[in-house]
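Read-outs: derived from the displayed coordinates by stated rules, not from any lab. It should be emphasised that the depicted structure is a prediction, and the values quoted were computed from it without experimental measurement. Cβ coordinates were reconstructed from backbone atoms using ideal geometry, including for glycine residues, and neighbour counts include every protein chain displayed.
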Amino acid sequence: MTLGLLGLLDLSIVTDRLVKLLDDYQRLPLFPTPPFTLFTPSGDPPDKVPKEDGSYLSIYLFHIESDKFQKNSLVSGARDAKIPSQPLSLNLYYLLSAFSNNKNGYGYREEQQAMSIALRCFHENPIIRANVILEGQSVKEEFCLTMEMETADSLGRLWQATTTAMRLATVYKVSVVFITPPAPTVSPAPVWVFRIVPEVLPFTLPGQLLSTSANLSYRAPDDKTYNLSPSPALVAAGQQFFLYGTGLTGAGASNLYLLSADGTETDVTTSWVQLRESTRLELRIPSASPPAPGIYQLQVGNNVVLTNSSATRSNPTPFSIAARVDPPPVGVSAIVNGTVDTALEITGQGFVSGKTEVLLGSIRLTPVNNSPAAGQFQVVNSTTLQLQLPADIPSERYQVRVRVNQVESVLAKWVVVVP
C-alpha cells in the first residue's frame with residue numbers, strides 16, 4: 001500500500017487559514033456594527049504594536065512540538081521494499097491575544113468583543129480544512145483546533161518573557177500537522193538499445209499474419225458518403241481488402257488459403273491476390289461465385305497439400321464476408337419515404353434463404369417464402385429481397401439492416417415512415 005500526497009510544505013498555510021477564518025466569521029450578521037467593532041486579525045506576534053488606531057487580534061504561532069502519537073507508523077508493502085520517508089507530525093501552539101489602540105476610552109470593550117468573537121469562531125469550527133497544492137495537485141487537509149488548559153501563572157510567565165504589556169490571551173493547539181516528506185527517489189528506467197539486423201528472422205520465413213482490414217464507404221441519412229476501416233476486414237463480393245503480416249513473399253507463403261468454419265481449406269491465390277508485398281497482400285473477393293457470407297480465416301503457406309508432411313501453414317487471421325446491399329445511384333437519396341404496409345425492394349448479392357435476417361432499426365421482420373405481408377420479408381433470389389413495412393410501426397426514421405449468416409452488411413438504405 002502506498003501513501004498518497006500528505007501534509008504541508010509551509011506552516012504559514014495553517015496560520016493564514018486561521019486568520020481568514022477569523023476575518024470571515026466576524027463579518028457574519030451575528031455581530032452587527034455597532035455595537036461590535038471590526039478588528040484586524042493578524043499572524044504577527046503580540047509585541048508588534050500597530051501605530052494606527054483600531055482593534056487588533058493576534059493569532060501567533062509561538063511553539064512547535066512533535067506529536068508523540070504519530071511518531072511511529074506501520075511499515076507497508078513487502079519486507080524487502082525500501083521504506084519511504086515518513087511525514088513529520090507536529091502540534092502547533094498559537095497564542096491568541098486581543099489589543100485595541102483606540103483612544104476613545106472603550107479599548108477594553110473592543111478587546112473583549114474581539115476575543116469573544118474569536119472564541120466562538122474556534123468553538124464552532126473545531127476542524128480546520130484547507131486545500132494544499134502538492135506536486136501540482138490540490139490535496140484536502142484537515143487539522144484539529146482545541147483550546148489548551150493554561151493557568152494564569154503559566155500565561156503570566158509567558159508575558160514576562162515578552163517586551164509588551166500583559167494582554168487578554170489564551171492558547172490554542174492545532175494538531176496533527178504533517179510536514180510533507182521528500183519524494184522517494186525513483187530508479188531510472190532501464191535504457192533499451194536496439195540494433196537493426198538486416199537478416200530475415202527465422203519465424204517469418206513461412207509467413208506470419210497480423211490482421212486484415214478494409215476501406216469501405218456508406219451512405220448516411222444526410223446523403224453524404226462516409227468512410228470506415230473495419231479490422232478484421234468486413235467485405236462483400238467484388239470489394240477489396242488487405243492482409244498484413246511478414247515474410248509474405250517467401251516460398252513458404254506463396255499460396256493463400258481460405259479456411260471455412262468447418263476447417264475446409266481452399267486455395268484462393270489465383271482468384272483473390274491482386275498485389276503481393278513482403279508485409280501486405282492486396283486481395284479482392286471475386287464478383288462471380290464468391291464464398292457465401294459468413295466468418296472465415298486466412299492462412300498463407302507453401303504450394304503443398306495439407307496432408308503432406310512437408311506442408312507449411314501460417315497462423316490464421318479472421319475476416320468476414322457480408323452480403324452486398326446495393327446503395328442508390330449517385331444523385332438518388334438513400335432515404336425512402338413510405339407509409340405503413342409500404343412494399344420495398346432491396347438488391348445486392350449473397351442473400352441466402354433461411355440464413356437472412358432483415359431489421360428496421362431494432363424491429364425484426366418475419367421471413368416468409370411467398371409475397372410478404374405487413375412486417376414480413378422474402379428472399380426472392382440471391383440478389384433480391386422484398387419486404388413490407390409493419391402495420392403498427394411508429395412514424396420515424398429506420399436503418400434497413402441486412403444480416404446473412406450472422407454477418408451484417410454495410411448500411412446502404414434508410415426508410416422514413418410517414419403517417
Helix-derived mean residue ellipticity, 222 nm - over the chain, DSSP H n ≥ 4, -39500 (n - 2.57), to 500: -3500 deg cm²/dmol
Going from the fewest other Cβ atoms within 10 Å to the most, one would list 410, 330 as 330, 410
Counted neighbours (other Cβ, 10 Å), sorted fewest up, put 149, 115 in the order 149, 115
Length gained when the stretch residue 27-residue 270 is fully extended (0.36 nm per residue, less Cα-Cα span): 78.6 nm
Give 48/173; 48/140; 68/140 a once-over and call out the pairs whose C-alpha atoms are over 27 Å from each other. 48/140
Return the aspartates and glutamates within reach of residue 103: Cα separation strictly under 20 angstrom, same-chain partners fewer than 8 residues apart disregarded; answer none if there are no such residues. 47, 52, 53, 111
What do you get for Rg/Rh over the chain if you use C-alpha atoms and the Kirkwood form of Rh? 1.36
Please list, by residue number, everything in the stretch 11-49 whose backbone N is under 19 Å from a paramagnetic label point 7 Å out along Cα→Cβ of residue 127. 14, 17-18, 21-22
Based on the Cα atoms of the stretch 305-389, what semi-axes does the equivalent ellipsoid have, where each is the square root of 5 times one gyration tensor eigenvalue, given in whole Å with the largest first? 37, 17, 12
I need to check one value: relative contact order of the stretch 257-343, counting alpha carbon pairs closer than 8 Å and at least 6 residues apart, in percent. 22
Which length gain, in nm to one decimal place, applies between residue 406 and residue 380 when the Cα-Cα distance is subtracted from 0.36 nm times their residue separation? 7.4 nm
GNM top mover of 109, 403, 364 - the chain, alpha-carbon springs below 10 Å: 109
Equivalent ellipsoid, the stretch 202-321 (semi-axes from 5 times Cα gyration tensor eigenvalues, Å): 28, 15, 11
